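Okay, so here's the structure we're looking at.
The values are calculated or read from the model by the stated rules, or taken from the named source; none is laboratory data. Every value quoted in this text rests on a predicted model; they were computed, and no experiment measured them. As a convention, Cβ positions derive from the backbone with ideal geometry for all residues, glycine included, and neighbour counts pool all protein chains shown. Side chains are part of the model used for accessible areas, which takes the heavy atoms of the whole protein and leaves out ligands, DNA and RNA. Shrake-Rupley method; radii C 1.70, N 1.55, O 1.52, S 1.80 Å.
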Amino acid sequence: MQLIELRDYIEIELESSRFKDYCPNGLQIEGKPEVERLATAVTASQAVLEAASDWGADALLVHHGYFWRGESAPITGIKKRRIAHLLRHDISLLAYHLPLDAHPVWGNNTQLAKHFGFVEQGRFGEQDVACHGCLLRTQSLGDLVRELEQKLRRPPQVIGDLNTKVVRIAWCSGAAQSYFEQAIALGVDAFLTGEISEQNVHYAEESGVAFIAAGHHATERYGIQALGQHLASRFTLEHRFFDQQNPV
Ligand SMILES: [Zn+2]
């Protein structure tokens with residue numbers, strides 16, 4: 001299919017132009033005009049670029065692309081090597097950040113709910129990316145944490161009493177630890193995100209609301225894969241997800 005057709009389809013489905021974001025969403029680097037092999041990954045790191053070019057990808061679709069607000073503009077060092085690699089192999093880079101967190105079907109937060117049995121009852125946070133709701137069946141915090149560890153293949157960092165029952169939960173993939181106060185105000189029993197900050201520990205202890213840091217990378221693996229699989233079946237593209245382990 002045509003690259004531009006692919007870009008336009010994703011843009012319409014993800015409504016990416018309505019998001020105020022920290023990076024440009026959409027086609028960040030233009031490669032060959034035809035796409036047959038679509039690679040997906042959480043982050044367009046050098047290791048992912050090399051795996052994608054070895055596989056013969058025509059385009060790479062990621063959650064964390066380039067050109068973040070506040071980063072230095074010159075194309076030198078790591079940034080030069082990454083961009084040079086894409087241009088040398090004529091691979092396009094498509095990146096979708098907040099639109100992919102928020103999407104009601106392929107979004108990271110909807111996909112987390114699907115994998116862990118969270119029932120979404122509402123949204124909160126910046127541009128409604130975060131979700132709150134309840135567990136499909138009430139679990140102890142300890143059981144929930146064990147399930148997260150098994151499926152995400154990474155032990156979560158947890159602040160809270162493992163024996164407490166979790167009924168209401170709020171969640172937001174990635175680095176959404178600043179939403180913890182809003183989650184507490186919603187009256188949930190636990191808040192799940194990717195990363196933790198020092199002050200989250202005190203808020204968890206003082207509110208009695210559990211804080212679960214299940215991994216930034218780990219909580220953002222599902223959205224991009226779901227979108228890649230959808231595109232592959234919609235347009236008969238070859239799709240492969242490249243996972244690069246990341247302890248954070
Ligand atoms: Zn992220």
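Take the Cα pairs of segment 180-247, get the Kirkwood Rh, then feed it into Stokes-Einstein at 4 °C and 1.567 mPa s and tell me D in µm²/s.
The Stokes-Einstein estimate is 91 µm²/s.
Once amide H atoms are built 1.01 Å from N in the peptide plane, which residues 5 or more positions from residue 121, or in another chain, come under 5 Å H to H?
The answer is 132, 133, 134.
Pick from 150, 139, 229 the residue whose mean-square fluctuation is largest in a GNM of the chain, springs joining Cα atoms under 10 Å.
150
Pull up the cross-link candidates among the lysines for residue 32, meaning alpha carbon to alpha carbon under 22 Å and not fewer than 8 places away within one chain.
Leaving aside lysines fewer than 8 places away in the same chain, those within reach of residue 32 are 79, 80.
Can you compute the helix-only [θ] at 222 nm over the chain? Use -39500 (n - 2.57) per DSSP H run of at least 4 residues, normalise by all residues, nearest 500 deg cm²/dmol.
One gets -11000 deg cm²/dmol as the mean residue ellipticity at 222 nm.
What number comes out for the charge environment of residue 16, summing +1 per Lys or Arg and -1 per Asp or Glu over other residues with Cβ under 13 Å away?
Net charge in that neighbourhood comes out at -3.
Dividing the convex hull volume of the Cα atoms of the chain by its residue count, what figure in Å³ per residue is obtained?
121
When the Cα centres of segment 111-150 and segment 68-83 are compared, how far apart do they sit, in Å?
For segment 111-150 versus segment 68-83, the Cα centre distance is 35 Å.
Rolling a 1.4 angstrom probe over the protein chains, ignoring ligands and nucleic acids, what is the accessible area of residue 32 in square angstrom, nearest 10?
60
Can you list which of the DSSP-assigned H helices in the chain have a Cα extent of 18 Å or more along the long axis and an average Kyte-Doolittle score of at least -1.0?
The qualifying helices are 221-235.
Give the lysines whose C-alpha is closer than 18 Å to that of residue 20, dropping any in the same chain fewer than 8 places away, or say none.
List returned: none.
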